[in-house]
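The values are calculated or read from the model by the stated rules, or taken from the named source; none is laboratory data. Source: prediction; values computed, not measured. No Cβ is skipped: glycine too gets one built from the backbone with ideal geometry, and neighbour counts run over all protein chains shown. Remember, those area values only see protein heavy atoms, side chains included, never the ligands or the DNA or RNA. Shrake-Rupley method; radii C 1.70, N 1.55, O 1.52, S 1.80 Å.
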Amino acid sequence: TPDMLWNNAGYQGQIKPTLEYSIADFQAVMSINVTGMFTVLQSVAKRMAEKSKDRNDDSFKYSIVNTASVAAMRGTPAMVAYASSKAAILAMTVSTAKDLAPNGIRVNAISPALIGPGFMWDRQNDLHAKSGSPYFSPDPEVVAKGKVNGVPMKRLGSIEEVIKSV
């Protein structure tokens, strides 16, 4: 039984305005990001809860960290499925934290924002530029600059920073 689970799934799905978004892709994003994460969380939490019965103290010996996203809180345009799925992860985290606390299991979430540079950062900016959303320039470089300018530190986060926070 692991002492810690980093429950991390992040399929972005299509980047299209809501009126053009495929229901099939919406379902796929929810299946991977929500149902998939719940399946892993429940499976591991059952083992943690069973092991916690063997412990003689009330301390929290186990930890689950779910990866949500800032997109859940700000509703990123042209990413309705992804933003919705990550909002569901925040709600799942709060509910399971309450349900699992009596078993000595802490449940928290991390909500990364803009991570880069790299393939995914470039791809997302390109897709946002092509999305036709009035919130994004048709120029991927302008999209990228606009996103970074919206960050208080005026820079991208790194994968290493996310890992360290877990």
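Observations on the model:
- Scaled to the globular estimate 2.2 N^0.38 Å, the Cα spread of region 1-122, given as radius of gyration, is 1.19.
- Of interest is the spacing of the C-alpha centroids, which for region 1-77 and region 109-166 amounts to 21 Å.
- Straight-line reach from K145: taking Cα to Cα under 16 Å and skipping same-chain neighbours fewer than 8 places apart, the aspartates and glutamates in range are D122, D126.
- Relative contact order of the chain: 25 percent, from C-alpha pairs under 8 Å at least 6 residues apart in sequence.
- For A68, the shell of other residues with beta-carbons less than 15 Å away shows a net charge of +2, using +1 for Lys and Arg and -1 for Asp and Glu.
- Karplus-derived 3J(HN,Hα), 6.51/-1.76/1.60, for each residue of region 83-92, Hz, glycine and proline x: 4, 5, 5, 6, 5, 4, 5, 4, 5, 4
- Each of F119 and A101 was given a label point 7 Å from its Cα along the Cα-to-Cβ line. The distance between the two points is 4.2 nm.
- When the pairs K86/K147; K53/K86; K61/K98 are compared against a 27 Å limit on Cα-Cα distance, K53/K86 fall above it.
- 18 Å reach of a label modelled at D25, 7 Å along Cα-to-Cβ, counting backbone N of region 107-131: 120-131
- Overall, the accessible surface of region 56-122 at a probe of 1.4 angstrom is composed of carbon and sulfur to the extent of 57 percent.
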